[in-house]
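Contents: one structure, followed by commentary.
All of the numbers you see were taken from the coordinates with simple rules; none came from a lab. In this text, all values refer to a predicted model and were calculated from it rather than measured experimentally. Ideal geometry is used to build each Cβ from the backbone, glycine not excepted, and the neighbour counts take in all protein chains shown.
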Amino acid sequence: MDEPSPKPILEIRNITKNFGGLTALNDVSFDLHPGEILGVIGPNGAGKTTLFDVITGRYRPSGGKVFHKGEDITGLKPHQIVQKGISRSFQLEVLFKNLSVFKHLVMSRHLHTQVGFWGSFFRTPGNRKEEEATEAEALELMRFVGLEVQGDRLGGNLSHGYQKSLGIAMALGPAPEILLLDEPLSALSPKRVTDILDLIRAIRDKGVTVMVIEHNMGALFRICDRVVVLSVGEKIAEGLPEEIKHNQRVIEAYLGGAVRA
Amino acid sequence: MKRRNLLGKKVGIAAVIVAFGLLPVFTQSPYWMHVFILMWIYIIVTASLRFTITMGEWSFAHVPLMGMGGYASALLAMKLGLSFWVALPLAVLITAFIAVFVYLPCLPTTGTFFFFASYAFGEVMRLCWVRFKNPFGGPAGLLFIPAPGPIRIPGIPAIEFGPLSKIPYYYTVFVFMLLSLLILYRLEQSRLGRIAEAVKESNLLAQFVGIRVWRYKMVILLIGSAFAAIGGSLYAHYTTLIMPVDFYWGLGIYIIIYTVVGGTRHFGGPIVGVFLFVLLRELLRPIVMYVPLVYGLILAGTLVFLPEGLISLPEKISAWAMKKKIAAA
Amino acid sequence: MTFAQFVQMFANGTMLGFQLSLFATGLTLVYGIMHIINFAHGELYMIGAFAVWFFFEELGINYLASLALAMAFVASLAITLERIFFKPMRGYHIPSFIMSTGLIFVLQVSIISFFGVKDKGVESVFPGLVKIAGVTLSVERLMIIPISLVVIVVFYVFLRWSRYGRAMRAVMQDPDGAALQGVSIDTVCSLAMGIGGAMAAAAGGLLAPIFVVNPFLGPPLAWEGFIVVCLGGRTSLPGTILAAFIMGYIKSFVSTLVDPIAALMCAAAILGVILIVRPQGLLGYEA
């Protein structure tokens, strides 16, 4: 990392997270630069999801700080983090099981709906216009992620692949500047993997900075600008995909992980 | 087609409202007036309980908070000499204020824990009425709660509330019920209702689309308690005496049974539930001892065979008929 | 507070502790194995008390034999209820709770229709008074201690050394039931209900000569038992017994030193605080 990089949009500084006696993350630091796709890889149990949970306010770190554009956002609540323009998807399907896909996306626009309480209570014309705008945005999102045919289906009834797409669309709803994707490719068919990779590129092309957690290195390397490698809660490498591929420590961590698993 | 259905529904609801609005023209029997007045009060309490359930948590402090509304309103009228018309809104505010302290400790919990924790704090509040004779009157409760003051509309004689006629009470409670239902329905259709649905479906995901889950849960619980307080205040000034035992968890269970048997998914569910059970009680008056038995069996039957409540029965039947048709074809 | 008063309160607390241990063990078993909240457990206690009254007073059978008969009768009743009503409710806390309150109505009305609402008295079985440390205590109350101790010890021996007992413990510790070695889960559930019912009946029968017997004994005790279960840790039997004695002493001391309403307030507050602050209870291992 010799070349001078632009001012980071997100700085992870010495993040440590303990659960009881277990250390899930140990002194992890790295930067996220505007407009890039950063891959975070590592074997199972490396602490990748915990890292997302710490950044997005689900957990408070035991030590260390997170800065967003120079502002300390450590320990803010999830909804406050979303307001800052940092949004995330989930590894397991966290969905509103009994809501339709369309309603999901209307909900995901929650922050950007300016409807006041009284307006929506009395159904004022302004409120109705506002609601129509929200619905149009929801439709647009549906089209963007390729769910336009699934609009009326319930979240719980979607296939695994569509649930993944819906998860990403939900995270796009708040119109984030930074999007954190937690294993968007896991358990997908090769065709769907390509679709999702294209989608991630399209998201980046809209100006959103993307951080992707993946277990599967090969697919991720096709779209990443840079890669951070975690193993057993520690950062063991950071660099361009080409460098990482040949990094001895990374290979060991993966092989070791595979053997142990 | 859909629009016609909607129109039909609206006409149907209007017809029901007019029919019950004209009820006193057909019968002025104090007995039936009494039955219906209590039924309208139960509908307010039950519908507001269901409103809190839309966000996914069952409150077991709802009935004690109804009692709080009754006590607050009665004490304001008795100790400060306020008119019912002033005491009721004040009691609603007081109850909502106390509800903050009842629900705030419960908020970190969910599911069964929320349910029983809210019971615990509601019960502590209720036991305060038993323990502190001044001002709550102890186990004997409050007696001689003043009736509402007369309504004076220029041009017609003043409408007096008193032991002579139940009709003024009937209309007062009826109007309060209609307004409460209207407001609750509108709330559910509004953005608040949608947020409640999201919170119910996934607390976690709701947070990550920017919903302040705790705040909205609290708002919904407080709105629920406010309507419970309206029910309690009407109850107190109508019956003129309230006791702590009126708001024992037994009543809480009845209210929950009305809601569950009617169906929690649909706005009309609890209304159907209250109607069914109150009228059933009247039908079974000759064998009143067995009423709880019948209630228990209906409840058990509904939980096992119709978990979405009686309101889902027409839907279930048409689905069944459709299946048969398809099988026949 | 005089010393005599203290001994009196302590003795009462111990007695209540044994009563609650017997009663709440069944609730814990049923919660731990089937994950249901059964408030009709209080009715099993009440029916146990009625059965002892019926066998002992009406039919003139020996007291201990009556107690055994009552336990057997209530156990079979409990198994029937489990088979019909609770089987579809396994794992659903609030629905099972609501269902069990429906059963409270059913069982209460059944008893009323057979025996009426009047209080029934059971004649004293162990009359007499003893003086311990200068305090007069009735033998009858003291006898609760050895008898319930025997029931509890028999139960623990069964749980520890019999095949079914081990299966029950395995299910409680591992909800997936992976540890079940050739024992059907239905059998284990029925057994849990049956044993729980028998112990509730034992508690009812033991207390019958001390208090009066009427059809309304169940629900207040069900609440106390539920609080004990939550305090103890919901799936931990040692926790339940510890919590039962804590509750027993709190009830006895607060009732005497302050007033009975304050004791009820304490119990409710304990329930609220434990559910929020330490949901796994005193000795529970659930996360």
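To the nearest whole number, what is the average tally of beta carbon atoms from other chains within 10 Å of the beta carbons of peptide A:96-103? Show your work: numbers first, answer last.
Values: counts 9, 2, 5, 6, 0, 0, 0, 4.
Averaged over the peptide's residues, the number is 3.
Of the GluC sites (Glu not before Pro) found in the stretch C:40-70, none is in coil by DSSP with at most 16 other Cβ atoms within 10 Å of its Cβ.
Looking only at other chains, what is the average number of their beta-carbon atoms within 10 angstrom of each beta-carbon in B:286-298?
Details: counts 0, 0, 0, 4, 6, 2, 8, 9, 3, 5, 13, 4, 1.
The per-residue average across the peptide is 4.
Dipole orientation for the stretch A:97-157: of the candidates A:Trp118, A:Gly151, A:Thr134, A:Trp118 has the Cα lying most toward the positive pole (charges on Cβ; Lys, Arg +1; Asp, Glu -1).
Count neighbours as other Cβ atoms within 10 Å of each site's Cβ, and list the trypsin sites (Lys or Arg not before Pro) in the stretch B:3-71 that are DSSP loop with at most 14 such neighbours. Spell out each step's value before the answer.
Details: sites: B:Arg3, B:Arg4, B:Lys9, B:Lys10, B:Arg50; in loops: none.
Passing sites in the stretch B:3-71 do not exist.
Averaged over the residues of B:247-256, the number of partner chain Cβ atoms lying within 10 Å of the residue Cβ comes to 2.
A run of chain B free of exposed loop cleavage sites, with chymotrypsin sites (Phe, Trp or Tyr not before Pro) counted only in DSSP states other than H, G, I, E and B and at most 12 other beta carbons within 10 Å, reaches its longest extent at B:145-329. Taking amide H atoms as placed 1.01 Å from N in the peptide plane, the amide H of A:Glu234 lies under 5 Å from those of A:Asn26, each 5 or more residues away in sequence or on another chain. If only the Cβ of Lys and Arg carry +1 and only the Cβ of Asp and Glu carry -1, the dipole of the stretch B:28-247 around its Cα centre is close to 300 debye. Dividing the mean sequence gap of close Cα pairs (under 8 Å, 6+ apart) by how many residues the stretch B:28-247 holds gives a relative contact order of 43 percent. Return one number: the angle in degrees, 0 to 90 and rounded to the nearest 10, between the long axis of the Cα atoms of helix A:190-205 and the longest principal axis of the Cα atoms of chain A. Computed tilt is about 80 degrees.
Amide H contacts under 5 Å for A:Leu99: A:Gly155, A:Gly156, restricted to partners 5 or more places along the chain or on a different chain, H placed in the peptide plane at 1.01 Å from N. Among B:Gly67, B:Gly81, B:Gly141, the largest mean-square fluctuation in a Gaussian network model of chain B, built with springs joining Cα atoms closer than 10 Å, belongs to B:Gly81.
Just tell me the longest site-free run in chain A, where the sites are trypsin sites (Lys or Arg not before Pro) in a DSSP loop having at most 15 other beta-carbon atoms within 10 Å.
Values: sites that count: A:Lys69, A:Lys97, A:Arg123, A:Lys206, A:Arg222.
Answer - A:124-205.
Pairs to check: A:Lys191/A:Lys245; B:Lys10/B:Lys316; B:Lys200/B:Lys324; A:Lys97/B:Lys324; A:Lys97/B:Lys10. Give those whose C-alpha atoms are more than 27 Å from each other in this structure. Mind dumping the intermediate values first?
Details: A:Lys191/A:Lys245 24 Å; B:Lys10/B:Lys316 22 Å; B:Lys200/B:Lys324 35 Å; A:Lys97/B:Lys324 29 Å; A:Lys97/B:Lys10 30 Å.
Violating the 27 Å limit, Cα to Cα: B:Lys200/B:Lys324; A:Lys97/B:Lys324; A:Lys97/B:Lys10.
What helices does chain C have that are whole DSSP H segments, at least 20 Å long along their own axis by Cα, and with mean Kyte-Doolittle hydropathy of 1.0 or more? Qualifying helices, which must be both long enough and hydrophobic enough, are C:3-34, C:63-81, C:93-115, C:139-161, C:185-207, C:218-232, C:237-257, C:260-277.
Mean Kyte-Doolittle hydropathy of 0.0 or higher plus an axial Cα length of 18 Å or more: which whole DSSP H helices in chain B meet both? Present the calculation step by step, with values, prior to reporting the outcome.
On the way: long enough: B:2-21 (28 Å, 0.60); B:30-53 (34 Å, 1.41); B:62-79 (25 Å, 0.82); B:84-103 (27 Å, 2.42); B:111-131 (30 Å, 0.82); B:167-189 (33 Å, 1.21); B:213-239 (39 Å, 0.94); B:249-262 (19 Å, 1.77); B:269-283 (21 Å, 1.83); B:291-305 (21 Å, 2.17); B:313-328 (22 Å, -0.03).
Flagged H segments are B:2-21, B:30-53, B:62-79, B:84-103, B:111-131, B:167-189, B:213-239, B:249-262, B:269-283, B:291-305.
What percent antiparallel are the DSSP beta bridges of the protein assembly as shown, to the nearest 5?
Among the beta bridges of the protein assembly as shown, antiparallel pairing accounts for roughly 60 percent.
Charges were assigned to the Cβ only: +1 to each Lys and Arg, -1 to each Asp and Glu. The resulting dipole of the protein assembly as shown about its Cα centre is roughly 1360 debye.
Between A:Val40 and A:Val212, A:Ile213, A:Glu214, A:Val228, the built amide H atoms are under 5 Å apart, and every one of these is 5 or more places off in sequence or on another chain.
For chain C, what is the relative contact order in percent, using Cα pairs closer than 8 Å and at least 6 residues apart in sequence? Can you show the working numbers first?
On the way: 473 pairs, mean separation 105.0, N = 287.
37 percent.
Look at the dipole of the protein assembly as shown built from charges on Cβ: of C:Gly281, C:Ser96, C:Phe10, the Cα furthest out on the positive end belongs to C:Ser96.
Quick check: from the Cα gyration tensor, does the stretch A:168-209 come out rounded (a/c under 1.5), prolate or oblate? Spell out each step's value before the answer.
On the way: a/c = 2.55, a/b = 1.70, b/c = 1.50.
Prolate, since a/c reaches 1.5 and a/b exceeds b/c.
Ordering B:Val219, B:Ala236, B:Pro135 by the projection of their Cα atoms onto the charge dipole of the stretch B:28-247, which places +1 on the Cβ of Lys and Arg and -1 on the Cβ of Asp and Glu, puts B:Val219 at the extreme positive end. Taking a ≥ b ≥ c as the square roots of the eigenvalues of the Cα gyration tensor of the stretch B:284-329, is the shape rounded (a/c under 1.5), prolate (a/b larger than b/c) or oblate? The shape class here is prolate.
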